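Engineer: My questions all concern the structure below.
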Amino acid sequence: MSSNREDRIRALLTDAFAPTELRVDDESALHAGHAGAASGGGHYRLRLVSSRFEGKNRIERHRLVYASLGELMRTDIHALTITALTPSELGL
C-alpha cells in the first residue's frame, strides 16, 4: 500500500506531465540510519514517461520534475532518482 507521501508525489507528477507511465518506488527503508532518513525525508526512485520531455535534455527533464514537486523537495524528499523518458524513446 502506498503512503500519503507517495500519493502526493504521484498526484503532482500526474498533473504536471500527464504521463503514459509513472512508477514511484519508496526506497527509504534501504537508507535507514542515513542522515536524510533521520530528518524524515524519503528516498524515492521515479520512472516517468511523458511527451512533455520531447526536445528536452536530461538536466532540463530533471528540473521540470523538481519544479513540479515544489515544496516536497524541501520537506518530504531527501533523495530522488529520476528516469525521465519520452514515449518515442520507448517506441510508443
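Engineer: If I take R0 = 25 Å and measure r between the Cβ atoms of ALA67 and GLU89 in this structure, what FRET efficiency does the formula 1/(1 + (r/R0)^6) give, to the nearest 0.05? If you can, show how the numbers build up before the last one.
Structural biologist: Details: r = 21 Å, r/R0 = 0.84.
Between ALA67 and GLU89 the formula returns 0.75.
Engineer: Mean separation of Cα pairs under 8 Å and 6+ residues apart, divided by the residue count of the chain: what relative contact order is that in percent?
Structural biologist: 33
Engineer: Which whole-Hz couplings ³J(HN,Hα) result when phi for each residue of region 75-92 is put into the Karplus expression 6.51 cos²θ - 1.76 cosθ + 1.60, θ = phi - 60°, listed in order with x for Gly and Pro?
Structural biologist: 10, 10, 10, 8, 9, 9, 9, 10, 10, 10, 10, 9, x, 5, 5, 9, x, 8
Engineer: Between the alpha-carbon centers of region 55-84 and region 1-26, tell me the distance in whole angstrom.
Structural biologist: 12
Engineer: So how much slack lies between THR81 and THR20, counting 0.36 nm per residue of separation and subtracting their Cα-Cα distance, in nm?
Structural biologist: Values: separation 61, 0.36 × 61 = 21.96 nm, distance 1.87 nm.
Taking THR81 through THR20 to full extension adds about 20.1 nm, to one decimal.
Engineer: With a 10 Å cut-off between alpha carbons and a GNM built on the chain, which of ALA67, ALA29, ALA16 moves the most?
Structural biologist: ALA29
Engineer: A further question follows. In the chain, carbon and sulfur make up what percent of the accessible area (probe 1.4 Å)? It would help to have the intermediate numbers written out before the result.
Structural biologist: Numbers: 2740 of 5430 Å².
Carbon and sulfur atoms account for 51 percent of the accessible area of the chain.
Engineer: If Rh is defined by the Kirkwood formula over all Cα pairs and Rg also comes from Cα, what ratio Rg/Rh do you get for the chain?
Structural biologist: On the way: Rg = 13.3 Å, Rh = 13.6 Å.
Rg/Rh for the chain comes to 0.98.
Engineer: How much accessible surface area, in Å² rounded to 10, belongs to the heavy atoms of TYR44 with a 1.4 Å probe?
Structural biologist: Only protein atoms counted, so the area is about 10 Å².
The values are calculated or read from the model by the stated rules, or taken from the named source; none is laboratory data. Note that the coordinates shown come from a computational prediction; the quantities given were computed from them, not determined experimentally. With ideal geometry, Cβ positions are generated from the backbone for all residues, glycine too; neighbour counts draw on all protein chains shown. Ligands, DNA and RNA are stripped out before the accessible areas are found, and what is left, the full protein with its side chains, is counted by its heavy atoms. Shrake-Rupley method; radii C 1.70, N 1.55, O 1.52, S 1.80 Å.
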